[in-house]
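Here the structure comes first, spelled out in structure tokens, and everything after it is commentary.
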Amino acid sequence: MPKTMRAIAKLKPQEGVNLIEWKVPKIRPKEVLVKVKCASICGTDLHIYHWDHWSSSRIKLPQIIGHEFSGYVIEVGKDVEDVKEGDYVSAESHETCGFCYGCRIGMRVYCKNYKILGVDRSGCFADYVVIRADTVWKNDKSIPPEVASVQEPLGNAMYVVSDSNVTTKSVLITGCGPFGLFATAIAKRCGATLVVAVEPNPYRRKLAKKVGADFILNPMKDDVESTVQKLTDGEGVQVVLEMSGQPQAIKQGLKLLRHGGRLTLFGLPSDEVPIDIAEGVIFKGAHLVGISGRKIFETWYQVSELLKRKLIPVENIITHKFPLEDFQKGFDLMKKGECGKVVLEVS
């Protein structure tokens with residue numbers, strides 16, 4: 001067992017991250033040590049890379065980043081019973097307390113005291129990562145490591161789609177970054193009768209078509225409102241999945257929502273968004289719901305079944321794979337928006 005490892009870390013309060021040598025971490029009694037196989041870059045990692053307001057107010061430096069991964073357990077703590085060496089695993093990145101109101105009513109995703117891998121403790125963009133045993137998810141051996149590494153964002157999209165009850169309904173998806181693309185694929189698999197995707201980026205519009213969107217619109221050129229009204233016989237869509245966080249997309253989604261419809265908000269706006277509560281919500285009888293994270297571990301089971309049976313085209317969303325040392329190429333692509341999901345191959 002080596003004493004040091006490669007790791008991608010945030011070292012200074014400025015843009016960028018660095019590849020460094022770091023001590024291989026030690027495990028505690030209820031933890032396991034995982035040799036990382038693949039790790040995928042998340043929008044959260046990009047926020048940390050840019051060192052925006054959220055990350056600068058949350059993260060203590062230095063910090064190894066990354067929270068989406070797959071790998072193999074190589075050491076277990078003395079109090080660990082359900083995980084063994086050699087297990088092929090990923091992990092739920094949210095470590096929950098188990099005692100707050102959210103945890104005690106079965107909504108661990110809304111734990112008041114949660115900590116996030118790669119944000120509040122050392123992350124997975126490294127040769128090895130330590131995780132709490134109760135966050136371990138055992139992967140089916142048929143799922144490739146690069147696919148197993150994206151189960152967390154897939155779980156986010158699964159929560160958004162399943163909670164929105166899209167079966168036999170018309171759906172508008174605003175924003176086709178990785179989360180929006182996953183949501184598009186899952187919505188079609190879950191029986192949405194019409195999926196309209198709205199995305200300004202041409203690269204991601206092509207991906208939306210590959211994963212099953214029926215119509216793809218460019219909000220910078222196309223008349224989105226007129227087109228959606230025509231497609232829905234003037235009624236508007238029954239479900240809007242807002243995945244971008246853009247104020248205009250939120251307002252437009254609400255305007256195109258059918259009376260009694262549901263607007264699910266997942267994308268994070270950078271500032272307050274004024275909306276017409278009277279006309280857009282109250283008189284329309286609209287249901288507005290915010291979604292964050294995943295249902296621990298319900299969505300993991302759902303996503304695992306989709307992946308084992310190859311029911312969604314994940315391979316069309318994972319567009320790039322790079323060795324760990326070429327991490328900068330992945331971040332550059334994400335900054336330009338010229339990618340779907342980027343995976344780092346660690347070992």
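The values are calculated or read from the model by the stated rules, or taken from the named source; none is laboratory data. Since the model is a prediction, treat every value here as computed from it, not as a measurement. Virtual Cβ from ideal backbone geometry, glycine too; neighbours counted across all protein chains shown.
For the range 277-289, a residue qualifies if it is under 29 Å from the mean Cα position of the chain (by Cα) and not β-branched (Val, Ile, Thr), and the qualifying residues are Gly280, Ala286, His287, Leu288. Within the bounds of the range 46-55, is there any residue that is closer than 17 Å to Phe297 by Cα and touching a strand residue (DSSP E or B) at 6+ places or on another chain (Cβ under 8 Å)? Among the residues of the range 46-55, not one is closer than 17 Å to Phe297 by Cα and touching a strand residue (DSSP E or B) at 6+ places or on another chain (Cβ under 8 Å), which makes the answer no. Being in contact (Cβ under 8 Å) with a residue 60 or more places away in the chain and surrounded by fewer than 24 Cβ atoms within 10 Å (Cβ to Cβ) holds for only one residue in Val161, Val147, Val171, and it is Val147. Across the range 230-246, not a single residue is classified as polar (S, T, N, Q), at pLDDT 95 or above and surrounded by fewer than 17 Cβ atoms within 10 Å (Cβ to Cβ).
Screening Ser162 with (1) in contact with a strand residue (DSSP E or B) (Cβ under 6 Å, 6 or more places away or on another chain); (2) assigned by TED's automatic domain parsing to the domain that holds Leu257; (3) polar (S, T, N, Q) gives one miss only, at (1).
Taken over the range 76-130, the criterion of being closer than 23 Å to Val150 by Cα, small (Gly, Ala, Ser) and touching a residue at least 40 places away in the same chain (Cβ under 8 Å) is satisfied by Ser90, Ala91, Ser93, Gly118, Ser122, Gly123, Ala126. Being at pLDDT 95 or above and under 28 Å from Lys37 (Cα atoms) is the requirement here; does Val171 meet it? The answer is no for Val171.
Does the range 165-183 include one or more residues that are farther than 19 Å from Thr319 by Cα and of a type in the set (D, E, K, R)? Scanning the range 165-183, I find at least one residue that is farther than 19 Å from Thr319 by Cα and of a type in the set (D, E, K, R), so the answer is yes. Applying the criterion of being buried (at least 24 other Cβ atoms within 10 Å of the Cβ) and in a loop (DSSP other than H, G, I, E, B) to the residues of the range 192-202, the residue that is farthest from the chain's Cα centre (by Cα) is Ala192. Just a yes or no: is a residue in the range 305-317 at pLDDT 95 or above, within 30 Å of Ile20 (Cα to Cα) and surrounded by 19 or more Cβ atoms within 10 Å (Cβ to Cβ)? Scanning the range 305-317 turns up at least one residue that is at pLDDT 95 or above, within 30 Å of Ile20 (Cα to Cα) and surrounded by 19 or more Cβ atoms within 10 Å (Cβ to Cβ). The residues in the range 8-38 that are of a type in the set (A, V, I, L, M) and either outside the structural domain of Phe69 (by TED's automatic domain parsing) or over 24 Å from Glu146 (Cα atoms) (or both) can be counted, and the count is 2.
Scanning the range 262-276 for residues that are more than 30 Å from Trp51 (Cα to Cα) and surrounded by fewer than 23 Cβ atoms within 10 Å (Cβ to Cβ) yields Arg262, Asp276. Residues that are in a strand (DSSP E or B), touching a Lys or Arg at 6+ places or on another chain (Cβ under 6 Å) and either polar (S, T, N, Q) or free of Cβ contacts under 8 Å to residues at least 60 places away in the same chain (or both) within the range 203-256 comprise Ile216, Gln238, listed in sequence order. Scanning the range 1-39 for residues being part of a loop (DSSP other than H, G, I, E, B) and within 25 Å of Glu85 (Cα to Cα) gives a total of 10. Among all residues of the range 59-70, there is at least one that is of a type in the set (Gly, Ala, Ser), in contact with a Phe, Trp or Tyr (Cβ under 6 Å, 6 or more places away or on another chain) and in contact (Cβ under 8 Å) with a residue 12 or more places away in the chain.
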